[in-house]
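Below is one structure, written out as structure tokens; the observations come after it.
The values are calculated or read from the model by the stated rules, or taken from the named source; none is laboratory data. Fair warning: this is a prediction, and the values are worked out from it, not measured in the lab. Note that we place each Cβ from the backbone using ideal geometry, even for glycine, and neighbour counts take in every protein chain shown.
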Amino acid sequence: MNKGSAGRVFVQEFVIGLGFLSGLWIYSGVDPTAEILKSFSAIVPEMSGFLWLIVVLITIGSIMGAYFMGKWLGLLAVFLAFLGGIFIGSWGIWPLIVGVILGLFAPQSKVKSR
């Protein structure tokens, strides 16, 4: 995977998917994860704690994936996109644009060791 396609994948998966959409859900006042977990917990109540643990682990894994793929610049891009989602009703487009631009350059090129 060349650096250009790695940047596009990073922007699609982490900047837009993890950052912007998470902020947009907060802006809209709806938490889709909580709604889905409430539905599953109603079906199998004894599994509700386990389901919440899975959600927390997936979130931590996503943040770690953003860090491992884009390092600190990648985390900054995701955070700016998150702010862009939260404040999309006013000035949120600007951090989103900056986050997308940073996200294109965030993935580090793989350096082969001997």
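Just the residues that are farther than 30 Å from PHE87 by Cβ and either part of a helix (DSSP H, G or I) or in contact with a Pro (Cβ under 7 Å, 6 or more places away or on another chain) (or both), please, taken from the stretch 27-52. Write out each step before concluding.
Taking the stretch 27-52 first, the residues farther than 30 Å from PHE87 by Cβ are 40-51.
Hits for the stretch 27-52 are PHE40, SER41, ALA42, ILE43, PRO45, GLU46, MET47, SER48, GLY49, PHE50, LEU51.
How many residues does the stretch 90-102 hold that are surrounded by fewer than 15 Cβ atoms within 10 Å (Cβ to Cβ) and not hydrophobic (A, V, I, L, M, F, W, C)? Step through it out loud before you land on a result.
Keep residues of the stretch 90-102 that are surrounded by fewer than 15 Cβ atoms within 10 Å (Cβ to Cβ), which gives 90-91, 93-94, 97.
Add one more test, that the residue is not hydrophobic (A, V, I, L, M, F, W, C), and what stays is 90.
Going through the stretch 90-102 one residue at a time, the tally reaches 1.
It is to be established whether one or more residues within the stretch 45-65 are aliphatic (A, V, I, L, M), in contact (Cβ under 8 Å) with a residue 60 or more places away in the chain and out of contact with any Gly (no Cβ under 7 Å at 6 or more places or on another chain). Outline the logic, then answer.
Within the stretch 45-65, the first condition is being aliphatic (A, V, I, L, M), and the residues that meet it are 47, 51, 53-58, 60, 63-64.
Checking which are in contact (Cβ under 8 Å) with a residue 60 or more places away in the chain leaves us with none.
No, the stretch 45-65 contains no residue that is aliphatic (A, V, I, L, M), in contact (Cβ under 8 Å) with a residue 60 or more places away in the chain and out of contact with any Gly (no Cβ under 7 Å at 6 or more places or on another chain).
Working carefully through the options LEU37, LEU51, LEU102, LEU80, find the one that is under 14 Å from GLY7 (Cα atoms) and touching a helix residue (DSSP H, G or I) at 6+ places or on another chain (Cβ under 9 Å).
Working: LEU37 fails: under 14 Å from GLY7 (Cα atoms); LEU51 fails: under 14 Å from GLY7 (Cα atoms); LEU80 fails: under 14 Å from GLY7 (Cα atoms).
Just a single option satisfies the conditions, and that option is LEU102.
I'd like to know if the stretch 23-31 contains one or more residues that are closer than 28 Å to LEU102 by Cα, at pLDDT 85 or above, over 14 Å from the mean Cα position of the chain (by Cα) and small (Gly, Ala, Ser).
For the stretch 23-31, residues closer than 28 Å to LEU102 by Cα, at pLDDT 85 or above, over 14 Å from the mean Cα position of the chain (by Cα) and small (Gly, Ala, Ser): present.
Would you mind telling me which numbered condition in (1) among the aromatic types (Phe, Trp, Tyr); (2) in contact (Cβ under 8 Å) with a residue 24 or more places away in the chain; (3) loosely packed, with under 13 Cβ neighbours inside 10 Å TYR27 fails?
(3)
Restricting to the stretch 44-89, and then to whatever is at pLDDT 90 or above and of a type in the set (Ser, Thr, Tyr), can you tell me which residue is surrounded by the most Cβ atoms within 10 Å (Cβ to Cβ)?
Looking at residues that are at pLDDT 90 or above and of a type in the set (Ser, Thr, Tyr), I get SER62.
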